[in-house]
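Accompanying notes for the structure given below.
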Amino acid sequence: MAQHCCGNTEFTGLDPAYKRILWLIIVINGTMFGVEMVAGILAQSQALQADALDFIGDTLSYGISLWAIGKAVSIRSNAALFKGFTLTLMSLWVVGSTIYRIFVMNSPEPFTMGTIAVAAFAANLISVLLLMRYKDGDANVRSVWLCSRNDAIGNLIVLVAASGVWYSDSAWPDLIVAGIMAGLFLSSAWQITTQALREKRNSGDAETRSCSS
């Protein structure tokens, strides 16, 4: 799986099996975005809508990852930087909409929240297991792993939120979980961005050494 070039052993995605896995996960995420967004709106759940947004973000992210496979390091790094930027935007949207909901405070419907969260977790668990062996690649590949991991974690905390809403008959557990997910988006954006910038810098240094020699 590893690729060796000038001492670099990071997996860059050049594996037909990996590409097939990405296509399957794109279909899974696109389907779950539609299901979860509709359910989130009907249940008035900010956490479900935030998780649905993560699904569509991942769908677009995986498409970019497929396109970038086999391209130059600078192109793959720029693709990863774009995904880090979109994760940051998603986090800001979740924060803004959550703040708005604080002043509306309609309690979401916990049964729908829990049911959809279980279905979403099952979908994401499949994705995580399929990607497990590819989690330590370059910034482009690693961003795929982080997005899938985020989804699985997000589904679990949505389940916690649904339990909290049911127990307290309050919207606060839902809003708190949405805030946690926004923080998770920001953390992943930071990891992806810093690794992509490091790869761009290392690539530039390697080109400079090559030219000077």
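Any read-out appearing in this document is the output of simple, stated calculations on the displayed coordinates, not a laboratory observation. Keep in mind that what you see is a predicted model, and the values were worked out from it rather than measured. Note: ideal-geometry Cβ built from the backbone for every residue, glycine included; neighbour counts use all protein chains shown.
For this structure, a couple of remarks:
- Scanning the range 73-97 for residues that are among the aromatic types (Phe, Trp, Tyr) and either within 21 Å of Ser45 (Cβ to Cβ) or buried (at least 22 other Cβ atoms within 10 Å of the Cβ) (or both) turns up just one, Trp93.
- Residue in the range 60-69 that is more than 16 Å from the chain's Cα centre (by Cα) and closer than 15 Å to Ala178 by Cβ present: no
- Enumeration of residues in the range 50-72 that are over 26 Å from Leu175 (Cβ atoms) and either buried (at least 22 other Cβ atoms within 10 Å of the Cβ) or in contact with a Lys or Arg (Cβ under 6 Å, 6 or more places away or on another chain) (or both): Tyr62, Ser65, Ala68
- Residues that are more than 16 Å from Gly57 (Cβ to Cβ) and crowded, with 18+ Cβ neighbours inside 10 Å, drawn from the range 132-141: Tyr134, Gly137, Asp138, Ala139, Val141
- Filter pass, Phe85 being out of contact with any Leu (no Cβ under 7 Å at 6 or more places or on another chain), among the aromatic types (Phe, Trp, Tyr) and farther than 27 Å from Leu159 by Cα: yes
- Looking only at the range 136-169, residues that are touching a strand residue (DSSP E or B) at 6+ places or on another chain (Cβ under 9 Å) and assigned to a loop (DSSP other than H, G, I, E, B) come to 2 in all.
- Leading residue by the ranking (farthest from Thr115 (Cα to Cα)) among those in the range 34-71 that are assigned to a loop (DSSP other than H, G, I, E, B) and in contact (Cβ under 8 Å) with a residue 40 or more places away in the chain: Gly70
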